[in-house]
Structure formats: C-alpha cells, structure tokens
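Taking it in order: structure first as structure tokens, then the write-up.
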Amino acid sequence: MVDDLEGISVFLAVAEARSFRLAGERLGVTRSAVSQALQRLEDRLGVALVQRTTRSVSLTEAGEVFFAAVRPSVRQVRDAMQTVRDMQARPSGLLRITVSSIAESFLSGTLLAGFMQACPEIKLDITVTDDEFDIVETGFDAAVRLGEVIEQDMIAVSVSEPQRQCATASTAYLERHGGPRHPGELRDHACIGWRPRPDTAPYRWEFTENNRDFDVAVDPAVTTNDMGMMIRLACAGAGITFGMMETFQPYFDRGELVPLLEDFCPPFPGFYLYYPRRERQPLKLRALVEHIKRSGKR
C-alpha cells in the first residue's frame, strides 16, 4: 500500500508537470526514480497511464481517468494532514487588515483586544480607509466593509449586527431651521456631506420609501472625508449630516444630536470581514475568523 501511495504521488507530479524531469525536481528525486516508480504503479494496475516519447509526456485514456479520480482525493488527504499539523502549531506572524472608517463595531477595540489576548504571537497591521481596491494586489490578508460592496468570489464573515443609516442634527440647528419631514426637503437645509477623496463627488444620501430605494444628491455646505469633523460640525449646529446610526449613537445618548428621517432608513446587512478563497488559508487568518465566530459575531 505504501508503494501504491508513493506511485500515485509520482504519477500526479508527472501528470501535472507533463515531464519526468520537472516531476523529479518537484519531488526531490532523480528522473530515473520517477520513471521506475511510475512503471511499478502501471505494472500493479496492469495498464499504461503515461505515453512516453523522446520529446513529450502525455496521459493515456486510462491515465486521464485515473488522474481525474485520484487528484481530488490526494488533495483532500494533503489538506487533512496540514490541518492536523496546524493543530499543533501556534498562529503567528503579521496580519494585515484594511477597515472602512465607519465599521464602528469592529474598530471599537473589544473584538480585536480579545483576539490579541487569544493569539499573542500575531501582530496586527490595520489600515483604516474608505478607498476601494483589490486587497490581494495590495498585500492585505483581509478587509472589513459593508456586505453590499464585497465581490462575490470572496469569503465573508459577519462582524456586526444589521446597520441603519440616518440623518442627524443638533437641537440648536433644529430650533433655528426646523427638521425635514421627507428626504426631498434636505435640499432646503445646510448639509454636511462626505466624500472619500477630493476627486470624487459627495456621497448621495440613500433612503427607502414604500419599498423603493432612492437617493438624494444634497448640495453640502461643507464636504469632508472625515466623519469626526462631520459630527463635530453637526453638534455645533452647522447643519444636518448623514451616516451610520451606530456611529451617532453615543451622541444621541448624550442629547448632542437628534436622529432624523428614521422612517426612511430601514436596516440592512452590516459589516463583514472578507478574504479571498484559497486552497490553504493562512493559520493566522483562520485564527481571526474562528475568534470572530466564537465571539458570536455571525
């Protein structure tokens, strides 16, 4: 049986490389050893798996059938062996994550502090940005964004409760100007808007009415890429701003801001940690995903 398993590994290397020499380099053995191991396997099976010429290596019909059948199984065995090895290993290394600036529940620190205590040999590098880019090309292990902007080929794990957006202003502003009863009335108010970069248009404020989504292109009196400045200006009575209720909640609790137009702001799926599909995920990333799931952030 050991000879069979060895022969299958050699066959797979030859079938994938289409070369005895390259298969030998991959396995760390000589070309002659590859040829002999493959010959023994063919003798035991009683059928030729590979057609050999002086210039090329190709699979026979039986070889194609055998290759398609055993390749997934061997991959599963290798994955199982790596999983068992990982059980004895400690997750370590640098974990690079990019996070949206409005992902309050993830950035609040509680979840990450617990992860740091559970995995002290992992170092975190967190970039907070609202720019959209390919996390693989830029070298990030994972990212946290709203579910609606995540590519379909990514794996996503929830890290927040459902979210809501709303407009908000201070009581001082509302006493002077009154509040809008419908999103369309926002055009008559001083608004404090957001944009990710100077070369982009201000974000259009999104609402829902009678199960129909729509947006309002407000004409901001102030536009910035910093949520902190938006909140400070709104608290100072400069106008109405718009964002995540989770972000505004501490200001609501203290009476510094008042939520507006809540009837037009239903909840929607919140933030997700997402990462690319790989045959073998890094142990440090798997450790973070498992910590999130244990923390009940599903």
- Query: Counting only protein heavy atoms, what percent of the accessible surface of segment 158-292 is carbon or sulfur at a 1.4 Å probe?
  - Reply: 47
- Task: Could you run the Karplus curve 6.51 cos²θ - 1.76 cosθ + 1.60 with θ = phi - 60° over segment 63-78 and give me ³J(HN,Hα) per residue in whole Hz, x for Gly and Pro?
- Result: x, 4, 5, 5, 4, 5, 7, 8, 4, x, 5, 5, 4, 5, 5, 5
- Average the reciprocal distances over every distinct pair of alpha-carbons in segment 163-262, invert the result, and give the Kirkwood radius in Å. 13.5
- Item | GluC sites (Glu not before Pro) within segment 128-193: DSSP coil, no more than 15 neighbouring Cβ in 10 Å | GLU132, GLU137, GLU151
- Message: Rounded to the nearest 20 debye, what is the charge dipole size of the chain about its Cα centre when +1 sits on each Lys and Arg Cβ and -1 on each Asp and Glu Cβ?
- Response: 1280
- Query: Mind listing which trypsin sites (Lys or Arg not before Pro) in segment 131-201 are in a DSSP loop and have 12 or fewer other Cβ atoms within 10 Å?
  - Reply: ARG181
- Query: Are there trypsin sites (Lys or Arg not before Pro) in segment 8-61 that DSSP marks as loop and that have at most 14 other Cβ atoms within 10 Å, and which are they?
  - Reply: ARG18, ARG55
- Message: If I ignore ligands, DNA and RNA and count only protein heavy atoms, how much of VAL84 is accessible to a 1.4 Å probe, in Å² to the nearest 10?
- Response: 80
- From the list (i) -0.37; (ii) -0.16; (iii) -0.21, can you say which value of log10 I(q)/I(0) by the Debye sum over Cα atoms at q = 0.06 Å⁻¹ was derived from the structure given? (i)
- Message: Once neighbouring chains are kept in place and the probe is 1.4 Å, which whole percent of the accessible area of segment 27-135 is contributed by carbon and sulfur?
- Response: 53
- Quick one: angle between helix 2-17 and the longest Cα principal axis of the chain, in degrees between 0 and 90, rounded to 10, please. 70
- Stretched fully, the stretch from GLU6 through THR110 gains (0.36 nm per residue minus C-alpha distance, one decimal, in nm) 32.5 nm
- Task: Subtracting the Cα-Cα distance from 0.36 nm times the residue separation, let me have the gained length for VAL74 to THR53 in nm, one decimal.
- Result: 4.8 nm
- Message: Amide H of SER160 versus every other amide H placed in the peptide plane: which residues, excluding those fewer than 5 positions away on the same chain, fall under 5 Å?
- Response: PHE271
- Message: Quick check: pseudo-label points 7 Å beyond the Cα along Cα→Cβ at ARG176 and GLU132, how many nm apart are they?
- Response: 3.6
- Query: Once the Cβ-Cβ distance between ARG18 and VAL65 is put in as r, and R0 is 25 Å, what FRET efficiency do you end up with, to the nearest 0.05?
  - Reply: 0.90
- Note on the structure: The answer for segment 163-262, accessible area per residue at 1.4 Å probe in Å², is 51
- Message: Looking at the chain as a GNM with Cα springs under 10 Å, which of LEU124, LEU59, LEU111 has the largest mean-square fluctuation?
- Response: LEU59
- Item | Heavy atoms of LEU261 accessible to a 1.4 Å probe, total area in Å² rounded to 10 | 20
- Message: Which order do you get for TYR251, TYR274 if you rank them by accessible area with a 1.4 Å probe, largest at the top?
- Response: TYR251, TYR274
- Item | Most positive-pole-ward Cα, SER295, THR171, PRO183, against dipole of the chain from beta carbon charges | SER295
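The values are calculated or read from the model by the stated rules, or taken from the named source; none is laboratory data. No experiment lies behind these values; they were computed from the predicted model shown. Note that we place each Cβ from the backbone using ideal geometry, even for glycine, and neighbour counts take in every protein chain shown. Just so you know, the surface numbers come from the protein's heavy atoms only, side chains and all, with ligands and any DNA or RNA stripped out. Shrake-Rupley method; radii C 1.70, N 1.55, O 1.52, S 1.80 Å.
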